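All remarks here apply to the structure that follows.
The values are calculated or read from the model by the stated rules, or taken from the named source; none is laboratory data. Note that the structure is predicted; figures quoted are calculated from it, not measured. No Cβ is skipped: glycine too gets one built from the backbone with ideal geometry, and neighbour counts run over all protein chains shown. Heads up: the accessible areas ignore ligands, DNA and RNA and are worked out on the full protein's heavy atoms, side chains in. Shrake-Rupley method; radii C 1.70, N 1.55, O 1.52, S 1.80 Å.
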Amino acid sequence: MIICTKKMDYPIGNQCQRVQNQVVKMSSEKERSQLLCVKALASRGRLDSITQQMGYHPQYLESFLRTQHYILHMDGPLPLHYRHYIAIMAAARHHCRYLVSLHSAHFLRVGGDPLWLQGLDSAPPRLRSLDQLNKVLAHRPWLTARQHIEALLKIAEQCWSLAELVQAVVLLAHCHALASFVFGAGLEQDTPEPPGLASYCFCDAANGNAAAPPEGLRSARRRSLDSSCEGGCLQERIQWVQEEKERRGERRINAQPLLYTELEEEEEAPCCADPSRFVSDPEFGYQDFDRREEDHFQVFRVQDYSWEDHGFSLVNRLYSDIGHLLDDRFRTVTSLPNSVLSGGQGSEVKRAIWNYIHWMFGIRYDDYDYGEVNHLLERNLKLYIKTVTCYPDKTKSQLFPRPWKPLKPAEKVHVNLLIMEARLQAELLYALRAITQYMIA
């Protein structure tokens, strides 16, 4: 009996340790989610819909927010109002009212000329010259060529510098891919604020905490997500945010009044949300990269030009530190827990999704068996991935089949994150290869 008991105690002890480790990990993830929520509230006064959705995966959310903040707000060759206008141009290619609305408000806040928001024709020639590259990258990135780069650096009125163009390319690709996420996550119809989410943050549900959040955070979240709150509630929200920042010893960023920021974001955004005014050649869209056209549009082979060996070093050299931030995003999204879609085959499914998206854009991996895509991804899921990647605005249809029944909410978000990041990398590869060809010509 003693021997038997000892033999049974050992595995039970291991099991307890595993459970304990899982509890610690869940607690850590929960704290991380809550901290990110507090940071987002303190900096913006509310939690936007994108942050809520990505909050299911706090380790990814942290990487995404860091990259986006760097691109839009930190040191770089482009002035702030140019950055937001470029983001508007990119989002408009996919008719994404959510992002057009958001960046229109930010454009005005950083001093942009309201006349530019009348449409692309009202923008300065320098920005209009970016339209052709924007159109090609958004819909058929394999058409991106050295000539597009040369036209902007040498021929365009008030030519771009190489550093400015690289930041613009990163912005365009970032916003094209983010538009896919917005439509895939069903956020487009929530412009400018999502209804029905006023009482809690998605981060709570993601971590198994469906109950009410801590009292101080609860009231701030509820009011910050409620676009219809009265002036008194808004003042109370501002007071909480200011107290939270003081408690953490932070000074108000650039002394910008939160009252102005929040009121302007809620009141300005809807008036600038028509994407069509920023689009030329609206009929230009995605077309299948057909194998019959391989002689004309040569397949992009990753063995010849990859992110790891070529793209990363180039973009990091021309736009300091952005390569590290983007690389962290790519690595983080592919290293999230392997629970997506298929228990023990999680890693294989994630790679199938990633390679399938690149395949649609003409990018091939010689060491990958593409038969795995059909084996691992069911037809409806492939249709969903292709639509969100190539025709994001078509996901608005209520008749569109969504392969979500077997998936948990966090897994749905993970699929949309994979789509966004794979698409982002594909666009960057084509643009950076064209820049490389220009530089060595």
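Exactly one residue out of Leu137, Leu65, Leu102, Leu117 is assigned to a helix (DSSP H, G or I) and in contact with a Cys (Cβ under 8 Å, 6 or more places away or on another chain): that is Leu117.
Applying the condition of being modelled with pLDDT under 95, part of a helix (DSSP H, G or I) and of a type in the set (Ser, Thr, Tyr) to region 333-384 and asking which residue is surrounded by the most Cβ atoms within 10 Å (Cβ to Cβ) yields Tyr384. Is there any pair with a first residue in region 110-124 that is more than 14 Å from Ala92 (Cα to Cα) and touching a residue at least 24 places away in the same chain (Cβ under 8 Å) and a second that is part of a loop (DSSP other than H, G, I, E, B) and open to solvent by 60 Å² or more (accessible area, probe 1.4 Å) whose Cβ atoms are under 8 Å apart and which are 6 or more apart or on different chains, and what are they? Short answer, once both residue conditions are applied: Pro124/Gln158. What are the pairs, 6+ residues apart or on separate chains, where a residue within region 383-405 that is within 15 Å of Leu178 (Cα to Cα) has its Cβ under 7 Å from a residue that is at pLDDT 65 or above and open to solvent by 50 Å² or more (accessible area, probe 1.4 Å)? These pairs meet every condition: Thr387/Lys394; Asp393/His95. Set side by side, the residues Arg433, Arg423 differ, and just one is modelled with pLDDT of 95 or more, in a helix (DSSP H, G or I) and over 20 Å from the mean Cα position of the chain (by Cα), which is Arg433. Residues in region 68-92 that are open to solvent by less than 10 Å² (accessible area, probe 1.4 Å) and in a loop (DSSP other than H, G, I, E, B): Leu78 alone.
For region 108-154, filtering for residues that are of a type outside the set (D, E, K, R) and touching an Asp or Glu at 6+ places or on another chain (Cβ under 7 Å) leaves 6. Residue pairs whose Cβ atoms lie under 6 Å apart, separated by 6 or more positions or on different chains, with the first residue in region 76-96 and within 22 Å of Asp321 (Cβ to Cβ) and the second charged (D, E, K, R), are Pro77/Glu164; Leu78/Glu164.
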